[in-house]
Amino acid sequence: MSDTLTKLTYQTFQQSKNYFGLAHKLLSSRLKNIISATEQTQIQPIPNEVLLKAQQNLNNLLEVDWEDAERGVYPKSVLFDNPWEDFFRYYPMVWLDLPQTWERAQHKRYQEFTQDVDINGYPSYYVQNFHHQTNGYLSDLSANLYDLQVEILFGGSADPMRRRILAPLKEGLEVFSDVSPRQIRVLDVACGTGRTLKLIRAALPKASLFGTDLSPAYLRKANEFLSQIPGELPQLLQANAEELPYLDNYFHAVTSVFLFHELPAAARQQVIEQSYRVTKPGGTFIICDSVQMSDSPEMESLMESFHETFHEPYYKHYTTDNLVERLEKAGFENIDIRVHFMSKYFIARKPA
Ligand SMILES: C[S@@+](CC[C@H](N)C(=O)[O-])C[C@H]1O[C@@H](n2cnc3c(N)ncnc32)[C@H](O)[C@@H]1O
């Protein structure tokens, strides 16, 4: 296929995921209004300038995604990766799960877990129905539905946003050019179901990859998912990111995607300090998370309501939190900030 045709196919593929996400959100809010007689959700019209700006930012993200593939940061095949099997298997369950999700949201029940879920031993801030998810992060069903729900929320742009860590990751590893590719160690903190690790594997086929997360169910899913891809299986460990179970100065790079907005401020600082501890001198730490208030004034009203609409208790504080200051406090330097669509990236170096 010629490059122009491949690019066009990629853009069409992404736009169709975007339309699918929009259609799902519209249909589900209509259905909610039909079956929930007590509380009618007013679909707030999003101002045209916000929609236009969002579409422009999405187009820019897809352009950068294509360019990074063209210059070999990762293979072009990655652009078309989609969990089709999970999609057909679990999409009906996303719908079946919705009524109990609405019910919990309507009655503001934010810490509800079924009896078979063991909630002991986790930090209290974690025992939440984040995004109103049934059983929070602590069940196999939640792990099976998570990627689909994120696809819907971001209109299919979650992986393009995750992929924006790959170019700075590879650039950061250049200081270790004397180390053989197999000796390079990269840790993904709060790896969830393993999508970021899969993308890192595509960019660094020989590196030793590691992932941690607090959720046993998400780690099981990650293990199943990552077992299907070629290359050495990443080593996955259940751990609180506030107490990373690794030696000091162990990793050439550490990444974390979509974690920080789900942490209270003190935990955010602690995770940064732990990431600093386990990163080698000269190594890189990359955070990818939501944009913040100062990055996107046009999204301000969406950000204002996000914590409530999606039950994200720490999101509001995150949107104004000074992560640069936190990174510098831990000892990181040369902090580079980038913004792509709805995500923000902090690329920090540990002094050599
Ligand atoms: C929004 S998900 C992001 C998952 C994944 N990084 C991704 O890109 O989809 C947040 C993840 O952080 C994990 N998590 C939250 N608090 C944590 C903590 N203190 N330590 C380790 N993992 C945590 C959750 O279990 C969940 O898998």
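The values are calculated or read from the model by the stated rules, or taken from the named source; none is laboratory data. These numbers were taken from a predicted model, which means no experiment stands behind them. Cβ coordinates were reconstructed from backbone atoms using ideal geometry, including for glycine residues, and neighbour counts include every protein chain displayed. With ligands, DNA and RNA removed, areas are computed over all heavy atoms of the protein, side chains included. Shrake-Rupley method; radii C 1.70, N 1.55, O 1.52, S 1.80 Å.
Observations
- Selection status of Thr41, modelled with pLDDT of 90 or more, open to solvent by less than 70 Å² (accessible area, probe 1.4 Å) and within 27 Å of Ser343 (Cβ to Cβ): no
- Among the residues of segment 60-76, those that are in a helix (DSSP H, G or I) and either at pLDDT below 95 or surrounded by 15 or more Cβ atoms within 10 Å (Cβ to Cβ) (or both) comprise Leu61, Leu62, Val64, Asp65, Trp66, Asp68, Ala69, Lys76.
- Residue under evaluation Phe258, criteria (1) surrounded by fewer than 21 Cβ atoms within 10 Å (Cβ to Cβ); (2) over 17 Å from the mean Cα position of the chain (by Cα), criterion not met: (2)
- In segment 324-341, residue nearest to the chain's Cα centre (by Cα) [restricted to those that are open to solvent by less than 60 Å² (accessible area, probe 1.4 Å) and hydrophobic (A, V, I, L, M, F, W, C)]: Phe341
- So Leu96, is it at pLDDT 90 or above and within 17 Å of His340 (Cβ to Cβ): no
- The set of residues in segment 116-142 being of a type in the set (Ser, Thr, Tyr) and part of a helix (DSSP H, G or I) consists of Ser124, Tyr125, Tyr126, Ser142.
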